[in-house]
Amino acid sequence: MKKLLKGFSGLLVLAMVILGGASLVITYPNEYKLIRQFGEIVRVVEEPGVSFKIPFIQTSSSIPKALQIYDIPKSDVITKDKKSMIADAFVLWKISDPILFTRHLNGQVAQAQSRISASVFSSMKSVISNMDQAEIIENRDGKLALDISSNIGSSLDGYGIEVLAVETKSLDMPDDNKQSVYDRMISERNNIAASYTAQGNSSAQKIKNDTTKEVSVMKSEAKAEAEKIKAEGEAQYMQILSNAYNDASKADFYNFVRSLDAAKAALNNGNNTLILDKSSPIAQIFYGY
């Protein structure tokens with residue numbers, strides 16, 4: 001009898017351990033736990049830790065909660081100016097609604113990646129088809145990826161998926177036409193440089209013409225001012241002479257000085273001989289007439 005009770009107690013403990021294990025739900029930080037009852041999701045455990053479920057009636061399964069990265073296959077896209085380019089991108093995404101994710105995608109990451117690939121490619125194709133090739137190359141520093149992400153919008157919300165970012169690893173031309181594109185871009189840049197040079201030369205010539213005009217006006221005004229001062233000086237000179245000749249005492253002195261100046265002017269280039277007529281004003285000075 002004791003052996004029977006001991007065996008029964010052991011079975012009871014074992015059953016309790018089995019029931020306890022079947023009722024425990026352990027949730028890790030990087031996952032969601034889905035609690036199902038007869039195939040239907042009745043509860044989602046989002047917080048890490050230990051919780052409970054009804055043993056044998058309810059079951060649990062896990063789907064990832066952590067941030068996911070998906071490397072999208074390379075694809076050909078056509079630009080607005082009908083140029084072919086090869087796009088290579090990756091997506092950062094996460095499961096935002098575990099119930100929708102499980103209901104529409106059976107909780108399969110592979111199916112989610114397929115939906116994401118189609119949505120991102122459609123968005124990328126739409127954005128790039130509205131941009132010229134040169135514009136795409138200039139915006140590879142972040143604006144292009146932002147436009148692609150914005151264009152996806154909420155198209156994946158119905159699948160319980162949230163796209164956090166779309167980044168382009170590379171966006172390049174096919175090898176067979178890469179050199180011709182580079183040559184055309186160099187030619188375009190050279191044309192732009194030539195245009196800037198022409199504009200600079202035109203501006204420089206305008207500045208030079210304006211400066212020459214200003215200098216000419218300033219010279220003309222200065223010359224006119226000089227002529228005015230000269231005329232005023234000559235007028236004063238003539239006034240002084242007139243006053244001098246009107247005064248008999250001063251007239252003789254001025255005649256004397258002017259005669260000496262005339263004699264001095266005649267004695268130049270080593271000429272020390274001065275030939276004068278008796279009637280000359282200079283001769284009259286020396287003869288004392």
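With Cα atoms as the point set, the stretch 102-150 shows a radius of gyration and Dmax of 14.1, 44 Å. Across the stretch 83-178, Cα-Cα distances exceeding 15 Å account for 60% of all pairs.
Using 1/(1 + (r/R0)^6) with R0 = 41 angstrom and r between the beta carbons of R36 and E167, what's the FRET efficiency to the nearest 0.05? For R0 = 41 Å, the calculated efficiency reads 0.70.
The residues neighbouring S60, those whose beta-carbon lies less than 10 Å from its own, together hold a net charge of +4 under the Lys/Arg +1, Asp/Glu -1 convention. Net charge around A89, counting only other residues with Cβ within less than 9 Å of its Cβ (Lys, Arg = +1; Asp, Glu = -1)? It works out to a net charge of -1. Ranked by the mean number of other Cβ atoms within 10 Å of their residues, highest first, the peptides 51-62, 113-124, 221-232 come out as 113-124, 51-62, 221-232. In the stretch 39-160, Cα pairs under 8 Å separated by at least six residues give a relative contact order of 26 percent. Given a 1.4 Å probe and the protein chains as shown, Y70 ends up with an accessible area of around 40 Å². If R0 is 45 Å, the Cβ-Cβ spacing of F56 and L146 corresponds to a FRET efficiency of close to 0.30. Using only alpha carbons, the stretch 39-110 has a radius of gyration to Kirkwood radius ratio (Rg to Rh) of 1.21. Ranked by the mean number of other Cβ atoms within 10 Å of their residues, highest first, the peptides 196-205, 24-33 fall in the order 24-33, 196-205. For the pair E47 and L92, a Förster radius of 25 Å applied to the C-beta separation gives a FRET efficiency near 0.60, rounded to the nearest 0.05. Packing-based ranking of 142-149, 210-217, 42-49 yields 142-149, 42-49, 210-217, ordered from highest to lowest mean Cβ neighbour count within 10 Å.
Fully extending the segment from R115 to E227, taken as 0.36 nm per residue of separation minus the present Cα-Cα distance, adds 31.1 nm.
Using a cut-off of 18 Å between Cα atoms, the listed pairs K74/K125; K53/K94; K80/K169; K33/K53; K65/K94; K94/K143 include K53/K94; K80/K169; K94/K143 as exceeding that distance.
The values are calculated or read from the model by the stated rules, or taken from the named source; none is laboratory data. All values derive from a computational prediction rather than experimental measurement. Neighbour counts run over all protein chains shown; Cβ positions are idealised from the backbone, glycine included. These area figures cover heavy atoms from the full protein model, side chains too; ligands, DNA and RNA do not enter into them. Shrake-Rupley method; radii C 1.70, N 1.55, O 1.52, S 1.80 Å.
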